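Chemist: First the structure, then my questions, so here it is.
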Amino acid sequence: MGNCFKSSSNDDISLLRGNDHHDPALEPAPFVEPPPPYRPQQRMPIFHPSPGVSRPANQLTEDEQIKIAQRLGLINHLPTGKYDGTNKKAKECVICMNEFVFGDELRYLPCMHCYHRECIDDWLMRSFTCPSCMEPVDAALLTTYQTS
Amino acid sequence: MANIAEQRIKREFKEVVKSDEVSAFNIKVELVNDTFTELRGEIAGPPDTAYEGGKFKLEIKIPETYPFNPPQVKFVTKIWHPNISSVTGAICLDILKDQWAAAMTLRTVLLSLQALLAAAEPDDPQDAVVAQQFKENNPIFQRTARHWTCAYAGGPKSDKELEEKVVSMKNMGFDEHKARVALSTKDWDVTRAAEYLIS
Ligand SMILES: [Zn+2]
Ligand SMILES: [Zn+2]
């Protein structure tokens with residue numbers, strides 16, 4: 001429960017250390033969309049290099065920029081799709097609590113939970129876990145790379 | 001307020017209002033203003049705890065970045081609990097800090113706070129004095145917490161002895177709340193409590 005005397009600044013992005021260069025040959029088939037070039041000023045004005053820290057792009061350290069670029073790359077490896085009503089279990093996005101409507105852009109996490117792409121991408125830039133089941137997304141991704 | 005935050009709070013507000021916990025008088029949420037940036041929560045003290053019979057009011061502030069960041073919650077009703085400051089009402093609860101997830105709701109938060117009242121975590125304290133008493137003199141802690149529930153949260157009157165000590169210090173000219181804090185801190189020893197207030 002409470003953990004106020006523990007450091008709350010543990011940086012979950014550091015989980016990505018070392019393992020972040022991907023051999024394109026190892027990437028699973030659905031992840032065809034390549035990560036876009038990293039353009040902080042155009043993509044997102046405010047970044048969250050670690051939990052609780054928010055800073056505009058031009059005030060990030062080089063280290064933080066690298067971490068964010070890596071995070072954006074990983075997020076873009078997660079499959080996306082348009083809502084077509086075939087998945088009967090996924091009816092609403094629990095982040096914005098709106099029901100999915102036909103044509104909504106969705107993103108699927110390795111745990112099979114899905115959200116509006118816009119909603120989940122914003123969350124994943126802060127915390128790389130599924131907001132519903134708390135499954136760490138990067139661990140699952142790296143496992144996917146190893147087994148495929 | 002960002003659109004998504006306001007939309008969510010509106011939906012959550014409805015969700016809590018029509019939930020079973022509300023009809024059972026377990027949890028409650030009210031609007032403070034019509035911009036949905038601030039709400040007033042209330043939780044009932046869990047049965048078979050020192051908080052039983054009490055109603056605890058909470059201040060809930062919704063950040064612009066909700067639900068990507070947790071709501072800011074503190075106790076308005078004074079409470080004697082290891083994970084809640086007896087001075088400011090600040091709460092030590094991981095889901096209100098780094099364990100927050102965007103799928104959690106106001107209802108999750110209120111039910112988690114209720115669970116915290118039923119199961120304190122004295123090793124991660126918010127109030128060091130209370131946590132020490134909890135660990136080293138638990139019977140006194142239980143009596144003190146029950147007394148505070150009666151004094152501030154409308155809980156049942158039970159402990160004549162403690163009430164009389166507060167009254168005796170009031171008669172010595174001390175402020176009632178300050179006297180209660182001093183007595184609670186000094187394990188209900190009137191002499192030590194008086195020394196504590198004078199020093
Ligand atoms: Zn959404
Ligand atoms: Zn999940």
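Chemist: A:ILE66 - would you say it is at pLDDT 50 or above, within 14 Å of chain B (Cβ to nearest Cβ) and more than 16 Å from ligand 1 (Cβ to nearest atom)?
Modeler: no
Chemist: OK, next. Show me the strands (runs of 3 or more DSSP E) entirely contained within segment A:57-137 in which 1 or more residues are within 14 Å of ligand 2 (Cβ to nearest atom) and either open to solvent by less than 10 Å² (accessible area, probe 1.4 Å) or among the acidic types (Asp, Glu) (or both).
Modeler: Once the strands (runs of 3 or more DSSP E) in segment A:57-137 are filtered for at least 1 residues that are within 14 Å of ligand 2 (Cβ to nearest atom) and either open to solvent by less than 10 Å² (accessible area, probe 1.4 Å) or among the acidic types (Asp, Glu) (or both), what remains is A:105-108, A:114-116.
Chemist: While we're here: Just to confirm my filter: which strands (runs of 3 or more DSSP E) fall fully inside segment B:1-87 and include at least 1 residues that are within 13 Å of chain A (Cβ to nearest Cβ) and open to solvent by 20 Å² or more (accessible area, probe 1.4 Å)?
Modeler: Details: elements: B:27-31, B:38-44, B:55-61, B:72-75.
Output list reads B:72-75.
Chemist: May I pose another question? Can you confirm whether B:LEU111 is hydrophobic (A, V, I, L, M, F, W, C), facing another protein chain (nearest Cβ under 10 Å) and out of contact with any Phe, Trp or Tyr (no Cβ under 8 Å at 6 or more places or on another chain)?
Modeler: Working: hydrophobic (A, V, I, L, M, F, W, C): yes; facing another protein chain (nearest Cβ under 10 Å): no; out of contact with any Phe, Trp or Tyr (no Cβ under 8 Å at 6 or more places or on another chain): yes.
So B:LEU111 does not fit the description; no.
Chemist: Is it the case that A:THR80 is more than 23 Å from B:PRO67 (Cα to Cα) and away from ligand 1 (no atom under 12 Å from the Cβ)? So that I can check it myself, show each step before the final result.
Modeler: Values: more than 23 Å from B:PRO67 (Cα to Cα): no; away from ligand 1 (no atom under 12 Å from the Cβ): yes.
Against the criterion (more than 23 Å from B:PRO67 (Cα to Cα) and away from ligand 1 (no atom under 12 Å from the Cβ)), A:THR80 does not qualify.
Chemist: From the list B:ALA151, B:ALA145, pick out the single residue that is open to solvent by 10 Å² or more (accessible area, probe 1.4 Å), more than 19 Å from B:SER199 (Cβ to Cβ) and aliphatic (A, V, I, L, M).
Modeler: B:ALA151
The values are calculated or read from the model by the stated rules, or taken from the named source; none is laboratory data. Treat the numbers as computed from the prediction; the structure is a model and nothing was measured. Every residue, glycine among them, receives a Cβ derived from its backbone with ideal geometry; neighbour counts consider all protein chains shown. Ligands, DNA and RNA are excluded from the accessible area calculation, which covers all protein heavy atoms including side chains. Shrake-Rupley method; radii C 1.70, N 1.55, O 1.52, S 1.80 Å.
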